[in-house]
Each structure stands twice: as C-alpha cells, then as structure tokens.
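Below you will find the structure I want to go over with you.
The values are calculated or read from the model by the stated rules, or taken from the named source; none is laboratory data. Keep in mind that what you see is a predicted model, and the values were worked out from it rather than measured. We place every Cβ from the backbone using ideal geometry, glycine too, and count neighbours over all the protein chains shown.
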Amino acid sequence: MRKIVLGLSLLSAFTGAFAQSGHDIRVNFKNVKDTMMFLAFYQFDKSYIADTCKKVVKGNAVFKGKNSLEKGVYYVVSQEKGRYFDFFISDKNQNITITTDTNEMVKNLRSPNSKENNDFFDYIRFITNKNKEFGELRNKTKGLSSKDSTAFINEKAKQINAEVAGFEKSFVEGHKGMFVADVINLKMEKEAKDIPKASNGRPDSIYIYNYYKNHYWDGVNFQDDGILRTPFFADRVKKYFNNIIVQNPDTVNIEIDRMMGKTKTGSAMHKFLLAYFTPTYESSKVMGFDKVFVHIIDAYFRTGQAKGIYEDATIQKIIERGDILKPLLLGSRAPDLLMIDTIGHKSIAKMGFDTVKTSAGATKLYYDNVQSLAQVFTPLYGVKADYLVLVFWDVDCGHCKTEIPKLIEEYHDLKKEKYDIKVFSVYTQHDYEKWRKYIIENKLDWINVYDGVHINNIKEKYDIYSTPVIYVLDRNKVIKAKRIGTEQVKDIVKNMEREYKSDKK
C-alpha cells in the first residue's frame, strides 16, 4: 500500500469564505508603470489572489467587488508579481484608500480613511529606519580592532533591539482591540526579564525556556480567523512545534490537542491547522512520530472533524491508514506471522500452495490442510531471543542487494560479541527457487521464511510498501525500532542491552 501524501483541499476550505457586502480598495501610486495589479492575501503558509485590477489608470488601482473580503493582511502585487506593501482589511472597514510613491514607497505610504493602516505605516517606517540604522553600524567601526568592532556592533544592536521591543510594546498597548495590534503581538518575542540565577551563578536557562514556552502564545486569539491570514502565524506554529517543545510524540500530541482546543470546530483556523498537522506528521521521517499521525486520525478524523477539509473518500483512506499503523507503533507488540521456511516449502508444495491461482483457492487449501500446516509453520512468536531483527526484503530489489549483505555482517558481528540475537528474514515474494538460490549463494545463516500459504497479508500487516524494511523487537516481541537502516541495528541493540541491564538493577 502506498503512503497517502495529504494536502489541503482549497475548494472545501474556502467554501463560503466571502460575505455578501462588498469591498472597495483604492490605491494611488505616483511613478508607477504597471497597467495591471493584483490584490493578494496571506493564508497560513501560502498566498492567494483575492482580486485583480485589470487596468491601472494614471497610477490608480481599484479593487472593487460585491463580496466582502475576509479579515487579514493583504498586499498589492505588481504585474511582474513583485510585492509592493502590506496593509490590513478588517470586517468593519472594506473601503480603504491608500496613496504612495514608488520612488520612496515606505516613506510615502498614507491611508486617509483608515487609522489602523495609517498607524501601521508609521510602524513600518520606524522598523525600516531601525534596520537602516543597524545596516550603517559597520561604517562607524572604521579604525577599530576586530574585537572592538564586534563589541561596538553588539552593544549598538542590543540597544536597537531594545528600542524596537519597547516601541512594539507601546504600539500594541496603544492599539488594543485593533487587528493591527494582534498582528504585531504575533511577531513579538516574549522573553523573560529579571531572570534568577542558577546554582552555577549564571542566568537560569530552565527558567528562561519555561517562561518563553509558557508565554509564546500570549495574546494570540485562535478563534480569530484573521490571525490565520497574516505573514507570521504559520512560521510561528512551525517554530513552536519544531524548535520550542520537546520532540517527543506524546508531547506533540498534547500540544496539538491544546492548540486545536483553542479553535472553533469548523472554523478556518481549525481547518487549516488540521490540514497542516495531518500531512506534516504523516510524512515525518523521525522514527516513532507516526504515533502523532495516528493520534490525529483518532482524535479528529474518526470524530468527523476533518469534514469540510477532505473529501469523504480521502477521510476514509486516512482512517484506514491509521488502522494499519496503530498496531505498529513503537512500544506495541509486533503482530505475529505464520511463515514457511525453506524446509517447509516441500510440504506446502505437495498441498498445492505453489500452484494455487486465487485467494479463494488458497483459503480452501488452508482449511483442507489446517492440521498439517500447524506442524509446518515457523511463527514469529516462536523465536526466542533477547534481540530479534525482523527484515522484509525481495531478491530482485536493488536496494536489498546492497543492504542484506550489510545486515548479515552486522548480525555476525553482534553474534561474535555474544549478543543473544536472531534475524527473522521475510522474503516478500513467492519465487522459491530464486529465493533459495540467493540464500545459499549469500550464506544467509539466519531464519529464512516467506508467506508460502498466503495467509499473513504482510504488506498491510507490517506496512510494506517498499523494501527492505527492518524492525527490531525485544524478547517480548515489542517493537523497539522500525524502518531503520542496517547501519543502525548494532547501536539499537546495544542501547537495548543497556536498558536490560538498567532494569535489572
């Protein structure tokens, strides 16, 4: 079964996105050559066109329509797809006039009928001037040594950052209740002050981390869909989940539930967050993080909260994917396998399993010979070892031809070091002669088996959509590692050995 790579269904996400009141956005440019312009808006980590001015007349671009635009941060785009400037559209004000001069865009931005935008343009001018001031610092270090130059720049940068932080704090406090304040607050870092000392006399790093994490979302209203339509929200979400919280599946699950719980079910915020988390953790390359994907399926897909984001058929496929992955999570007991080894092949061939053509025929053969088969099976659960490597591979798989020889070498090395280890090597196809020949030629002196009776459905039972696939199980057949490279086997086994010794103490 192929992995389902998920994506947001924009059709369903935007259904009903525009109210029926109308918008009238007028921008007057001096010194502009565009004959066409676009009005775009941010939406989580992407941007979309909201309206088009097909003809710019004497620098005047008009974006007018019968539908009201959703609250958010918008920007004007040139006909060459260059971004001119950001501005705000709120639920209350859909009639906005803006003037500027392309020769000095930021300096000349004005909005005579929108205080919110006019104040935002003042904010932009302040930030622009501070950036310019920082950029000119190196010009003031001529004649200074490298050490003195670095010290000077660091001190001035600290001073500029403090001025920006103070200005932003005052700006937000002075615009409480306005959307512009919510957006500026979203980009502000909430850092601890009056930091206590740790036992080593240095600032307490644990206090700093806890303060930052606990205040990271201060003032952010997850029930305001407008926050979704800003240039900062998506990056802030990604930073929080990738860099701020502990990278542990259980922690991630708690944080996802906490964030989703702050939204309104069915809102744009709810939909876009779910549409971000689902493919992010479905495709995670970090071992064990499929637990997050399974949790999302259980908490949101099985409960109907994914409706309106994905089509019903897609939702069902995702739920089925969760059914496959759930028994294979780290810490779960691996599903048993009733396999046939090279010796048992002769017995099942006599029963007719080598020539059976249909699943119905295989089922009939199974029940006709069930008592005899019990004596032939090599079950996974019948293997006794402290460390059990379960590998699925194919003789004709190019990657397997590289990895299986490496694995046999790792296996022999661990055996020489007196580890109680066994390998349960599962051939995923049914060409017995080709398989047997490969075993002999490559001296695969471990447990070699295949699904000769066609009853294990190994591709779904163990999520085998490509080969090779390696699992490592403990003495109780609990999954300790999965989908790892052969080069990781030795380290994982040695870590398990340390855990065993630690548990005995």
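Just one of (1) at pLDDT 90 or above; (2) farther than 30 Å from Lys92 by Cα; (3) aliphatic (A, V, I, L, M) trips up Met178, so point out which.
(2)
Sticking with this structure for a sec: Tell me which residues, restricted to the range 191-224, are touching a residue at least 24 places away in the same chain (Cβ under 8 Å) and either in contact with a strand residue (DSSP E or B) (Cβ under 8 Å, 6 or more places away or on another chain) or over 30 Å from Tyr48 (Cα atoms) (or both).
Tyr212, Lys213, His215
Moving to a separate point now. Can you report the number of residues in the range 412-428 which are within 14 Å of Met496 (Cα to Cα) and part of a helix (DSSP H, G or I)?
1
Tell me yes or no: at least one residue of the range 411-425 is crowded, with 19+ Cβ neighbours inside 10 Å and small (Gly, Ala, Ser).
yes
What single numbered condition from (1) at pLDDT 95 or above; (2) within 43 Å of the chain's Cα centre (by Cα); (3) not polar (S, T, N, Q) fails to hold for Ile455?
The single condition Ile455 does not satisfy is (1).
Now for a different question. Residues of the range 372-382 being surrounded by fewer than 17 Cβ atoms within 10 Å (Cβ to Cβ) and either modelled with pLDDT of 90 or more or in a loop (DSSP other than H, G, I, E, B) (or both), which ones?
We begin by selecting, within the range 372-382, every residue surrounded by fewer than 17 Cβ atoms within 10 Å (Cβ to Cβ); these are 372, 374-375, 379, 381-382.
Residues satisfying the conditions are Gln375, Pro379, Tyr381, Gly382.
A follow-up question, please. Checking Phe152 against (1) at pLDDT below 95; (2) under 25 Å from Asp182 (Cα atoms); (3) among the aromatic types (Phe, Trp, Tyr), only one condition comes out false. Which one?
It is condition (2) that Phe152 fails.
Something else: Considering the range 94-148 alone, what residues qualify as being within 21 Å of Gly174 (Cβ to Cβ), surrounded by fewer than 14 Cβ atoms within 10 Å (Cβ to Cβ) and without any contact (Cβ under 8 Å) to a residue 12 or more places away in the chain?
Within the range 94-148, Lys115, Asp122, Asn129 qualify.
From (1) modelled with pLDDT of 95 or more; (2) small (Gly, Ala, Ser); (3) surrounded by fewer than 16 Cβ atoms within 10 Å (Cβ to Cβ), pick out the condition that doesn't hold for Ala234.
In the conditions (1) modelled with pLDDT of 95 or more; (2) small (Gly, Ala, Ser); (3) surrounded by fewer than 16 Cβ atoms within 10 Å (Cβ to Cβ), Ala234 misses (3) alone.
Name the residue that is farthest from Phe120 (Cα to Cα), counting only residues in the range 22-73 that are polar (S, T, N, Q) and touching a residue at least 60 places away in the same chain (Cβ under 8 Å).
Taking the range 22-73 as the starting set, the residues that turn out to be polar (S, T, N, Q) are 28, 31, 35, 43, 47, 52, 60, 67-68.
Right, trim to touching a residue at least 60 places away in the same chain (Cβ under 8 Å) and you get 28, 31, 43.
Details: Asn28: 18, Asn31: 23, Gln43: 20 Å.
Only one residue tops the list, namely Asn31.
Answer yes if at least one residue in the range 202-222 is surrounded by 14 or more Cβ atoms within 10 Å (Cβ to Cβ), in contact with a Ser or Thr (Cβ under 8 Å, 6 or more places away or on another chain) and either within 22 Å of Lys115 (Cα to Cα) or among the small types (Gly, Ala, Ser) (or both), and no otherwise.
Checked the range 202-222: no residue is surrounded by 14 or more Cβ atoms within 10 Å (Cβ to Cβ), in contact with a Ser or Thr (Cβ under 8 Å, 6 or more places away or on another chain) and either within 22 Å of Lys115 (Cα to Cα) or among the small types (Gly, Ala, Ser) (or both).
Hey, another quick one. So, of the residues in the range 247-289 that are touching a strand residue (DSSP E or B) at 6+ places or on another chain (Cβ under 9 Å) and not polar (S, T, N, Q), which turns out to be surrounded by the most Cβ atoms within 10 Å (Cβ to Cβ)?
In the first step, residues of the range 247-289 are kept if they are touching a strand residue (DSSP E or B) at 6+ places or on another chain (Cβ under 9 Å); the result is 266, 268, 272, 275, 278, 287-288.
After this cut, where a residue has to be not polar (S, T, N, Q) as well, the list is 266, 268, 272, 275, 287-288.
Details: Gly266: 12, Ala268: 22, Phe272: 24, Ala275: 21, Met287: 14, Gly288: 18.
Residue satisfying both the conditions and the ranking: Phe272.
Results for (1) in a helix (DSSP H, G or I); (2) acidic (Asp, Glu), shown as yes or no for each residue.
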{"site": "Glu173", "(1), (2)": "yes, yes"}
{"site": "Ala181", "(1), (2)": "yes, no"}
{"site": "Leu186", "(1), (2)": "yes, no"}
{"site": "Lys193", "(1), (2)": "no, no"}
{"site": "Asn210", "(1), (2)": "yes, no"}
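Does Asn161 count as part of a loop (DSSP other than H, G, I, E, B), exposed (fewer than 15 other Cβ atoms within 10 Å of the Cβ) and more than 26 Å from the chain's Cα centre (by Cα)? Give the steps one after another, and end with the answer.
Working: part of a loop (DSSP other than H, G, I, E, B): no; exposed (fewer than 15 other Cβ atoms within 10 Å of the Cβ): yes; more than 26 Å from the chain's Cα centre (by Cα): yes.
Considered against the rule, which asks whether it is part of a loop (DSSP other than H, G, I, E, B), exposed (fewer than 15 other Cβ atoms within 10 Å of the Cβ) and more than 26 Å from the chain's Cα centre (by Cα), Asn161 comes out as no.
Scan Ile348, Ile296, Ile340 and give me the residue that is buried (at least 20 other Cβ atoms within 10 Å of the Cβ), in a strand (DSSP E or B) and touching a helix residue (DSSP H, G or I) at 6+ places or on another chain (Cβ under 9 Å).
Values: Ile348 fails: in a strand (DSSP E or B); Ile296 fails: in a strand (DSSP E or B).
Result: Ile340 is the single residue among Ile348, Ile296, Ile340 that is buried (at least 20 other Cβ atoms within 10 Å of the Cβ), in a strand (DSSP E or B) and touching a helix residue (DSSP H, G or I) at 6+ places or on another chain (Cβ under 9 Å).
If you don't mind, there's one more thing I want to ask. Just name the residue that is nearest to Arg475 (Cα to Cα) out of those in the range 351-371 that are among the aromatic types (Phe, Trp, Tyr) and either touching a residue at least 24 places away in the same chain (Cβ under 8 Å) or crowded, with 17+ Cβ neighbours inside 10 Å (or both). Please lay out each step first, then the result.
Of the residues in the range 351-371, the ones among the aromatic types (Phe, Trp, Tyr) are 353, 366-367.
Checking which are either touching a residue at least 24 places away in the same chain (Cβ under 8 Å) or crowded, with 17+ Cβ neighbours inside 10 Å (or both) leaves us with 353, 366.
Working: Phe353: 32, Tyr366: 30 Å.
Only one residue tops the list, namely Tyr366.
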